[in-house]
Amino acid sequence: MIQGIGAAAGVAIGKAFVLPHWELDLPDSEMNAVDLAKEFERLYEGIRTSKNEIEYIKNEFKEMVGPEESQIFDAHLAILEDPVFMNEIQGIIERQYKAAEVAVKEAIDHFVSMFDLLDDEYMKERALDIKDVGNRLLKHLLGAPEVKLPADTQPYILVAKELSPSQLVHLNPSHVLGIVTMSGGKTSHSAIMARALGIPLVSGIENKLEHPIQTGEKLIVDGDQGLLYLNPDAAVLERYELIRDQLLKKKEQLQLLASVDAVTKDGVYFNLAANMNSIKELDIALQNGAKGVGLFRTEFLYMDRHSFPSEEEQFEVYRQVAEKAGGSSVVIRTLDIGGDKQLDYFSLPEEDNPFLGYRAIRISLDRTELFQTQLTAILRASAYGNVKIMYPMISSVEEIRQANVILARAKAELDRRGIDYNKEIQVGIMIEVPAAVTISDLLAEEADFFSIGTNDLVQYVLAVDRMNEQIAHMYHPFHPAVLRMLRTTVEAAKQAGIPVSVCGELAGDERAIPLWLELGVHDLSMSTQSLLRVKHRILNTKASEAKVEAAACYKLRTSSAVEERLTAFAQRSSFQSGGNGTDYSAS
């Protein structure tokens, strides 16, 4: 068993197919000065061919998973048009009299080495994009063939040193059971695409192998736990076959609950909404019974492109989301970049602590023209559905008031242009930093609603970076300090008479349901994959019993004690049947 990084959820069992490396055969002699023009022409022809190929791949992938995810390839096109990258290649050809393919290889190595030296996971992941684009260009210059995947239809687990989006786009999900990569992480473009395709992925195992994986070896990929098993024994194999079969069966059973309301056995109703990054995700969420959108992450409209999206571009996306939601609430969070989310075309300062730095609402209040453009687009979309605005990372009353001044300007501009919008649009804030919790009573007087972002809240309360492998074990959502923060926030919202919801990962954790029942929080927003699972648990829960368990949890002193108690309660209730004559028990 090898512990890697679970980059895409799911379990896969099958034989490995190891993607071979192709060896570069680069000329080592200098070019004659008279041949430089020819080398430049070869370079430009390779660039044209690579661009056409990437455009074709982009359109092909768009048909598979939708336009938002396919924008990954806009970043690849941008690299081929990047003057710094191209100037580096041209300079090597012109000054050192080297062949085009040698210049491309040296430029790739230069930029990849530079990015790898940065203590920034995002930039390291982007180095893979440069290698992907550069290797495509190299193959055209060298006439090297594409590495072919198995021609037969026998499903396999793909193993690669690293897997580029260009390679991943050609995979047939029905043939590829799972993926294992030596390098990479959760934020890589390949991981994003694997999740979109529903293929389990474990990455980051390069230095943990005693011997290289061979084609034909039996593997188990556990994308949920980030585990890889090589040639597992019969007992492990039998256990994971059972897990895989149970997951498939439960998935089929849960789908039957899509049209059922999320109501406890004793009649307490929950509104389960979806967190989403794209319109395509909303389609899946609605199929899974989502009651609206509790968190629309707008930063993905800004990523993997050449420039900031225009008002019209944003309006079209927000309008479609509002219309598809059919009257259900759509909470649109304003731009939340910085930290682990960067934009290629918007240079953010290098920071020692980016999660504590220039990000989210701080950028919006500094770049007011960008902020007003986004707010204008959201306001326009509010004429087409039940749209709400939410500001991220609020830590003071002043920030809300400053943001609302810019919102007022956007409204005045639309009034001047004679464009309709909801003049009573609700404006809420995310509660995700300890300062916001501490003054939640003051913030509640300024906001129309609260949404608790537990991911960042846990991180900031406990001073634990959960992406840091050395301390990730200290990231405890059920820490007594976190529970107290939740109670303080909810009580402040109730006192002010405003609604409060939860949109972090804890909302999608079935074990936390007793906490929400005891606090009186009935609006949860989660990933599309969690909706039916959480609904199933709610249907099998008796609110009166759950509240007793939660009240007891607030008296416990350790995270492990709270987690153990909530886990035990969830296990006791998971095989019970629901009310109203319907059996909601898990099989």
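Which condition from (1) part of a strand (DSSP E or B); (2) closer than 19 Å to residue 421 by Cβ; (3) out of contact with any Ser or Thr (no Cβ under 7 Å at 6 or more places or on another chain); (4) not polar (S, T, N, Q) is the one that residue 332 breaks?
For residue 332, the failing item is (3).
Of all residues being open to solvent by less than 70 Å² (accessible area, probe 1.4 Å) and more than 27 Å from the chain's Cα centre (by Cα) in the stretch 222-234, which is farthest from residue 186 (Cα to Cα)? Just the residue, please.
Among those that are open to solvent by less than 70 Å² (accessible area, probe 1.4 Å) and more than 27 Å from the chain's Cα centre (by Cα), it is 232.
For residues that are in contact (Cβ under 8 Å) with a residue 40 or more places away in the chain and part of a helix (DSSP H, G or I), scanning just the stretch 252-267, find the one that is surrounded by the fewest Cβ atoms within 10 Å (Cβ to Cβ).
Among those that are in contact (Cβ under 8 Å) with a residue 40 or more places away in the chain and part of a helix (DSSP H, G or I), it is 255.
If I filter the stretch 511-542 down to residues being in a helix (DSSP H, G or I), open to solvent by 30 Å² or more (accessible area, probe 1.4 Å) and closer than 19 Å to residue 455 by Cβ, which single residue comes out as modelled with the highest pLDDT?
Among those residues, the one meeting the criterion is 511.
Given the structure, is residue 280 surrounded by 15 or more Cβ atoms within 10 Å (Cβ to Cβ), without any contact (Cβ under 8 Å) to a residue 40 or more places away in the chain and among the charged types (D, E, K, R)?
Judged against the criteria, residue 280 is not a match.
What number of residues in the stretch 490-509 are open to solvent by less than 30 Å² (accessible area, probe 1.4 Å) and farther than 12 Å from residue 454 by Cα?
Selection size over the stretch 490-509: 5.
Restricting the stretch 98-143 to residues that are at pLDDT below 70 and open to solvent by less than 30 Å² (accessible area, probe 1.4 Å), which is farthest from residue 203 (Cα to Cα)?
Filtering first and then ranking leaves 122.
Out of all the residues in the stretch 167-180, is one or more among the aliphatic types (A, V, I, L, M), closer than 25 Å to residue 231 by Cβ, under 20 Å from the mean Cα position of the chain (by Cα) and modelled with pLDDT of 75 or more?
There is at least one residue in the stretch 167-180 that is among the aliphatic types (A, V, I, L, M), closer than 25 Å to residue 231 by Cβ, under 20 Å from the mean Cα position of the chain (by Cα) and modelled with pLDDT of 75 or more.
Which of the residues that make up the stretch 231-251 are charged (D, E, K, R) and either assigned to a helix (DSSP H, G or I) or in the same structural domain as residue 541 (by the TED database) (or both)?
Matches in the stretch 231-251: 238, 239, 241, 244, 245, 249, 250, 251.
Return the residue satisfying two criteria in turn: it lies in the stretch 325-335 and is of a type outside the set (A, V, I, L, M) and modelled with pLDDT of 95 or more, and of such residues it is farthest from residue 379 (Cα to Cα).
328
When you scan the stretch 472-510, how many residues do you find that are among the acidic types (Asp, Glu), at pLDDT below 95 and assigned to a helix (DSSP H, G or I)?
Looking only at that region, the number is 2.
Take the conditions in a helix (DSSP H, G or I) and modelled with pLDDT of 75 or more and apply them to residue 64. Does it pass?
no
Quick check on the stretch 283-320: of everything there that is outside any loop (DSSP other than H, G, I, E, B) and among the β-branched types (Val, Ile, Thr), which residue is surrounded by the fewest Cβ atoms within 10 Å (Cβ to Cβ)?
Selected residue: 284.
Can you tell which of 322, 383, 360 is aliphatic (A, V, I, L, M), under 19 Å from residue 407 (Cβ atoms) and modelled with pLDDT under 95?
Within the list 322, 383, 360, the selection yields 360.
Would you mind stating whether residue 397 is in the same structural domain as residue 322 (by the TED database), out of contact with any helix residue (DSSP H, G or I) (no Cβ under 6 Å at 6 or more places or on another chain) and open to solvent by 10 Å² or more (accessible area, probe 1.4 Å)?
No, not satisfied.
Is there any pair with a first residue in the stretch 285-299 that is of a type in the set (Asp, Glu) and a second that is outside any strand (DSSP E or B) whose Cβ atoms are under 7 Å apart and which are 6 or more apart or on different chains, and what are they?
Filtered contacts from the stretch 285-299: 299/335; 299/336; 299/337.
The values are calculated or read from the model by the stated rules, or taken from the named source; none is laboratory data. Since the structure is predicted, the reported quantities are computational estimates derived from the model, not experimental observations. When we count neighbours, we look across all protein chains shown, and the Cβ atoms used for this are built from the backbone with ideal geometry, even at glycine. Accessible surface is based on the protein model in full, side chains and every heavy atom, while ligands, DNA and RNA are left aside. Shrake-Rupley method; radii C 1.70, N 1.55, O 1.52, S 1.80 Å.
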